Amino acid sequence: MKLLRIEIKASTGHFAIPFLIFERKTFPIPMYSTMIGFVCNILADEAKISRFLSSNFSMAVVGDHDGVVEEYTWFRNLSKESHTKKFICSFNREANNEIEHPGGQSPVKIQTLINPKINLFLKAEEWILEMVKESFENPQCISRPHLGRSEDVVDDIKVELIDCEKKQVFDTNGYTWMPSPEFVDDVSDSYEELYKRISGSVYRVSSVYIIQNNRRIFEFVHAKLHRGAIPMVGFKVPEVLSWNGTPIFLARIRFPDKGG
C-alpha cells in the first residue's frame, strides 16, 4: 500500500482542547481538521481543494514534542459591560495613559508545545496523492504554513510517497489517534480487539466541516489518544499497517458510500 507521508516540524504549537475557557490546554498532536486545513492551505487553488475534499481519503497523525510550557496571557472580549468596567465609560479607550483595544481583559493560562514534530499519513487515490505531493513540492499557500495558531509557523516540511506493510510493531513511536472500529481503514485484522485493549478516553476528533448559517458544522471521528507500547492481543502482538516500525492507524475521513 502506498501512502503520502508529510513530515512537519515547528518551534511551537498549540492544538486546543475544545470548550476550555480560562485555561487553554493543548493536545500533543493536532486533530484531523487541523491537518486537513494544513493540506488545503498548501493546495491553495480552489479547484484542487475541492477535488481533495470531495475524494474518499483516510489519514493518520503521529507526533511528539520536546516539552510543554505554560504561561499567562491576556484574552480580550468585546462585551460592553466588560469595556465599561475597565475604561469607566463606553466611549473611552485610554488606561494608564495608553490607548488600548476595546473590550475587557481576562487572564488566561495557555499551554504551548516546544518543537512539535508531526507525521501525517494520507491515503487516497493515486492521482489525489500526486496532486497533494506536487503542491507541497511547489507550494503557493493561502497563508504562511502554520500548525494550529497562525503564530506557530512551520520550520520544515518533507513529503514523500512511501510503501507500507502489515507487520508486528511494539510501540507507537509518539502520540497517535486510534480511531474507533467504525471509522478505521484497512489497518489490522485484529483491530477491534486491539482497540478494546487500549486504555484511555474516547475523544470526538473534528475532521471536515460544512458551513451552515455562517457557522462551521464539523463531522467527528471517535478516537483514542495513545502513546507507547502496543498491548498484547491473545498473547500475540497483531500485525498492523506500519512504516519503519511506526504503526499507522488510518481513520476514514470520507466514506465511499457518503460521496463528497
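The values are calculated or read from the model by the stated rules, or taken from the named source; none is laboratory data. What you see is a predicted model, and the numbers here were worked out from it, not measured in a lab. Quick reminder, even Gly has a Cβ in these numbers, built from the backbone with ideal geometry, and neighbours come from all protein chains shown. Side chains are part of the model used for accessible areas, which takes the heavy atoms of the whole protein and leaves out ligands, DNA and RNA. Shrake-Rupley method; radii C 1.70, N 1.55, O 1.52, S 1.80 Å.
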The range 19-39, subset open to solvent by less than 20 Å² (accessible area, probe 1.4 Å) and assigned to a helix (DSSP H, G or I), residue nearest to K133 (Cα to Cα): V39
Candidate set from the range 209-228 (those that are open to solvent by less than 90 Å² (accessible area, probe 1.4 Å) and among the charged types (D, E, K, R)); member that is modelled with the lowest pLDDT: E219
The one condition in (1) exposed (fewer than 14 other Cβ atoms within 10 Å of the Cβ); (2) outside any helix (DSSP H, G or I) that T112 fails to fulfil: (1)
Verdict on D156 being farther than 25 Å from I17 by Cβ, open to solvent by less than 70 Å² (accessible area, probe 1.4 Å) and at pLDDT 95 or above: yes
Residue in the range 57-78 that is part of a helix (DSSP H, G or I) and surrounded by fewer than 16 Cβ atoms within 10 Å (Cβ to Cβ) present: no
Residues (within 16 Å of R252 (Cβ to Cβ), open to solvent by 10 Å² or more (accessible area, probe 1.4 Å) and in contact with a Cys (Cβ under 8 Å, 6 or more places away or on another chain)) located in the range 40-56: L53
Top-ranked residue of the range 235-260 - restricted to ones that are surrounded by 15 or more Cβ atoms within 10 Å (Cβ to Cβ) and assigned to a loop (DSSP other than H, G, I, E, B), ranked as modelled with the lowest pLDDT: R254
Residue check, E7 of a type outside the set (A, V, I, L, M, F, W, C) and either more than 25 Å from N138 (Cβ to Cβ) or buried (at least 19 other Cβ atoms within 10 Å of the Cβ) (or both): no
Single condition N138 does not satisfy, out of (1) under 28 Å from H14 (Cβ atoms); (2) assigned by the TED database to the domain that holds I6; (3) not hydrophobic (A, V, I, L, M, F, W, C): (1)
Condition met for R204 (open to solvent by 90 Å² or more (accessible area, probe 1.4 Å), without any contact (Cβ under 8 Å) to a residue 40 or more places away in the chain and under 18 Å from the mean Cα position of the chain (by Cα)): yes
